[in-house]
Amino acid sequence: MARAGAMAVYKVVQTSDNHLLRLKNKTMPGRRMSPYIPDYESPHRTSRPTGRIGYVIVVSVVFGILWNIAAVRLMGGGLPEACRPTWLLAGVAAGVAAGLFTIWSRTRRDGRETLLYGIATYYVAIVVYWAIFVVLERINMCIQWGGWTDFDLHDHLTMVLMFFVYGTLPWGIVLIPLCLLSRELIWRAYRSGKDANNGEGSSAR
């Protein structure tokens, strides 16, 4: 009953405001004013970025796992090795970083793609991938040894350097176009999430 009373008061106020607005528009034809619409009447007027980022993160995680498998295979490893936690977590982190960088870079250019940002995304993913992998491996080795150890650290850093070199040439000739394709699919996932949120807003109205 209280809610019905509140809504009745609101309708009276809105009708009064709109009537006053029509009078102002008649007396001031050069200045057109829009009807008053309170914020709580249209809670879905703006799309929610959280939903869109959720789409991006899910797709980015999938791409990160696939790219991790490809990287391990290029280094001569097999699928069991690619499924080790350190490799998987590094791949997931790199995928999410690349996905968020993709959205940031394409949003600031109104959705347009550029080769420069595509290449930048490729190297952002490589840096994050190897940084996470080396840190996780160090933590794992230190736990096993009961303290700090640099065992295998030199080999890991050598592997990182080799991947940067070979990841540029010759692997980059194939991998950078695949990175651009990944960026496009991630951007479409972002747009799909945005459209879904807008659809929810329309149905709620």
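Can you tell me which residue is nearest to Asn68 (Cα to Cα) among those in the stretch 135-151 that are assigned to a helix (DSSP H, G or I) and not hydrophobic (A, V, I, L, M, F, W, C)? I'd like the intermediate steps shown before the answer.
Filtering the stretch 135-151 down to residues assigned to a helix (DSSP H, G or I) leaves 135-145.
Still in the running and not hydrophobic (A, V, I, L, M, F, W, C): 137-138, 140, 144.
On the way: Glu137: 16, Arg138: 19, Asn140: 19, Gln144: 25 Å.
Top of the filtered list is Glu137.
Going residue by residue through the stretch 141-153, is there one that turns out to be under 18 Å from Leu89 (Cα atoms) and either modelled with pLDDT of 95 or more or touching a helix residue (DSSP H, G or I) at 6+ places or on another chain (Cβ under 6 Å) (or both)?
No, the stretch 141-153 contains no residue that is under 18 Å from Leu89 (Cα atoms) and either modelled with pLDDT of 95 or more or touching a helix residue (DSSP H, G or I) at 6+ places or on another chain (Cβ under 6 Å) (or both).
Hey, any hits in the stretch 89-109 for a residue that's at pLDDT below 95 and either on the phi > 0 side of the Ramachandran plot or not assigned by TED's automatic domain parsing to the domain that holds Gly64 (or both)?
no
With Ile173, Ile132 as the choices, which residue is surrounded by fewer than 18 Cβ atoms within 10 Å (Cβ to Cβ), in a helix (DSSP H, G or I), modelled with pLDDT of 90 or more and not hydroxyl-bearing (Ser, Thr, Tyr)? Steps first, answer last, please.
On the way: Ile132 fails: surrounded by fewer than 18 Cβ atoms within 10 Å (Cβ to Cβ).
Residue meeting the stated conditions: Ile173.
Just one of the numbered conditions (1) modelled with pLDDT of 95 or more; (2) more than 18 Å from the chain's Cα centre (by Cα) is not true of Gly167; which one?
Just one mismatch for Gly167, condition (1).
Here are Ala90, Ala98: which of them is part of a helix (DSSP H, G or I), under 17 Å from Leu181 (Cα atoms) and in contact (Cβ under 8 Å) with a residue 40 or more places away in the chain? I'd like the intermediate steps shown before the answer.
On the way: Ala90 fails: under 17 Å from Leu181 (Cα atoms).
That would be Ala98, the only listed residue that is part of a helix (DSSP H, G or I), under 17 Å from Leu181 (Cα atoms) and in contact (Cβ under 8 Å) with a residue 40 or more places away in the chain.
Give the stretch 101-110 a look and list any residue that's more than 18 Å from Val59 (Cα to Cα) and either within 15 Å of the chain's Cα centre (by Cα) or assigned to a helix (DSSP H, G or I) (or both), or say none. If you could, list the steps in order and put the result at the bottom.
Applying the first criterion (more than 18 Å from Val59 (Cα to Cα)) to the stretch 101-110 yields 108-110.
Result: Arg108, single match.
Report whether or not Tyr117 is over 25 Å from the mean Cα position of the chain (by Cα), at pLDDT 90 or above and over 17 Å from Ile57 (Cα atoms). Talk me through it step by step, then tell me what you get.
On the way: over 25 Å from the mean Cα position of the chain (by Cα): no; at pLDDT 90 or above: yes; over 17 Å from Ile57 (Cα atoms): yes.
No: the conditions fail for Tyr117.
Taking the condition of a type in the set (Phe, Trp, Tyr), surrounded by 12 or more Cβ atoms within 10 Å (Cβ to Cβ) and more than 16 Å from Ala93 (Cβ to Cβ), does Tyr117 pass? Walk me through how you get there before you give the answer.
Numbers: of a type in the set (Phe, Trp, Tyr): yes; surrounded by 12 or more Cβ atoms within 10 Å (Cβ to Cβ): yes; more than 16 Å from Ala93 (Cβ to Cβ): yes.
When the stated conditions are applied, Tyr117 passes them.
Please find, among Phe151, Phe101, the residue that is over 25 Å from Arg191 (Cβ atoms) and out of contact with any Pro (no Cβ under 7 Å at 6 or more places or on another chain). It would help to see each step written out before you state the result.
Working: Phe101 fails: over 25 Å from Arg191 (Cβ atoms).
Checking each option against the conditions leaves just Phe151.
Which one of the conditions (1) in contact (Cβ under 8 Å) with a residue 60 or more places away in the chain; (2) among the hydrophobic types (A, V, I, L, M, F, W, C); (3) within 17 Å of Trp187 (Cα to Cα); (4) crowded, with 16+ Cβ neighbours inside 10 Å does Val58 fail to meet, given that it meets all the rest?
Status for Val58: all satisfied but (4).
The values are calculated or read from the model by the stated rules, or taken from the named source; none is laboratory data. Here the structure is a predicted model, which is why all the values come from computation and not from measurement. Ideal geometry is used to build each Cβ from the backbone, glycine not excepted, and the neighbour counts take in all protein chains shown.
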